[in-house]
Structures are given as C-alpha cells and as structure tokens.
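Comments concern the structure below.
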Amino acid sequence: DNTIIGTGAFAKVFRARNTKNGQTVALKCMYKNLLRKQFLMKSRYNMDDDDDAAPQMLRHTMLDAVQIELQIMMKIKHVNVLRLLYVIDDPAQDLLYLALEFSPLGQVMDFDGKLL
C-alpha cells in the first residue's frame with residue numbers, strides 16, 4: 001500500500017503499513033542531499049554585548065534544522081499533534097525516513113474542520 005499522499009521540495013510522503021503490527025503510517029522520505037544544499041541564516045544577539053551591537057549571523061543547513069526538529073518531535077506526545085513514531089536513516093540511499101502517525105482526514109495543512 002505505497003500510495004503517494006504528498007510531495008514537497010525535500011520529500012515525498014507515502015501511505016505505508018508497519019509489517020510488525022499492521023498499523024498504517026505516513027512514511028516521509030526526505031532527500032538528505034537536497035537538505036544539505038539548502039542553507040538557513042539565523043541571527044542571534046549576544047546578551048553580554050551592549051544594546052547597539054550587531055547580531056551574530058549563523059549559517060545552518062536544512063538538514064541541521066530537520067535534526068533539531070526531529071529531537072523535539074520525538075519528545076512531544078499530545079492528542080492534537082501527529083506523533084513521530086520512528087526515524088530510519090539510510091546512508092546507502094542518502095534518505096531519511098520518518099514514520100508519522102497517519103491522518104485519515106488528509107493533510108493537516110488542508111484541514112478545515114468541515115469533515116467532522
């Protein structure tokens with residue numbers, strides 16, 4: 001049951017089934033090579049400097065940002081948040097697989113409450 005349920009700039013999302021327990025999951029396949037090529041700039045102020053000091057500019061890759069987000073998602077357990085069930089890092093294919101709780105009502109970003 002590997003139906004594509006979504007696509008984005010860095011990933012594809014498939015409906016998949018956990019072979020151990022039969023649970024339907026959303027399997028997000030992220031392309032690490034694309035994440036490494038995309039950079040983010042963050043500014044950070046040093047609290048020890050005076051008020052007129054310019055902020056420090058930090059450069060991160062999107063892969064760094066995803067890793068931080070995954071650390072947070074692994075800790076969150078709330079009824080209104082889709083759970084990250086597990087992460088598989090496949091260095092041979094240079095892919096990152098995220099198994100997320102499946103939402104039978106479709107993409108969360110498109111949800112408007114009319115189906116309830």
>> Using a 7 Å offset from the Cα along the Cα-to-Cβ direction at both ARG17 and SER43, what is the distance between the two label points in nm, to one decimal?
In response: 5.2 nm
> Roughly how many percent of the accessible protein surface of the chain is carbon and sulfur, given a 1.4 Å probe and a whole-percent answer?
Replying inline: 53 percent
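What net charge do the residues around MET57 carry, taking every other residue with its C-beta under 9 Å from that of MET57, with Lys and Arg at +1 and Asp and Glu at -1? Intermediate results must be reported in sequence, preceding the final value.
Details: positive: LYS42, ARG44, ARG59; negative: none.
Spelling it out: positives minus negatives among the neighbours equals +3.
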> What net charge is computed for the residues neighbouring LEU70, neighbours being all others with C-beta under 14 Å from the C-beta of LEU70, Lys and Arg scored +1, Asp and Glu -1?
Replying inline: +1
>> Given the options ASN21, MET74, LEU84, identify the residue whose Cα lies farthest towards the positive end of the charge dipole of segment 1-96 (+1 on Cβ of Lys, Arg; -1 on Cβ of Asp, Glu).
In response: ASN21
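Based on the Cβ-Cβ distance of GLN56 and ARG36, what FRET efficiency does E = 1/(1 + (r/R0)^6) give at R0 = 30 Å, to the nearest 0.05? Intermediate results must be reported in sequence, preceding the final value.
On the way: r = 23 Å, r/R0 = 0.75.
E(calc), rounded to 0.05, equals 0.85.
The values are calculated or read from the model by the stated rules, or taken from the named source; none is laboratory data. Because the structure is predicted, anything quoted here is derived from the model rather than measured. Positions of Cβ are backbone-derived with ideal geometry, glycine not excepted, and every protein chain shown enters the neighbour counts. We work out accessible area using only protein heavy atoms, side chains counted, and drop any ligands, DNA or RNA first. Shrake-Rupley method; radii C 1.70, N 1.55, O 1.52, S 1.80 Å.
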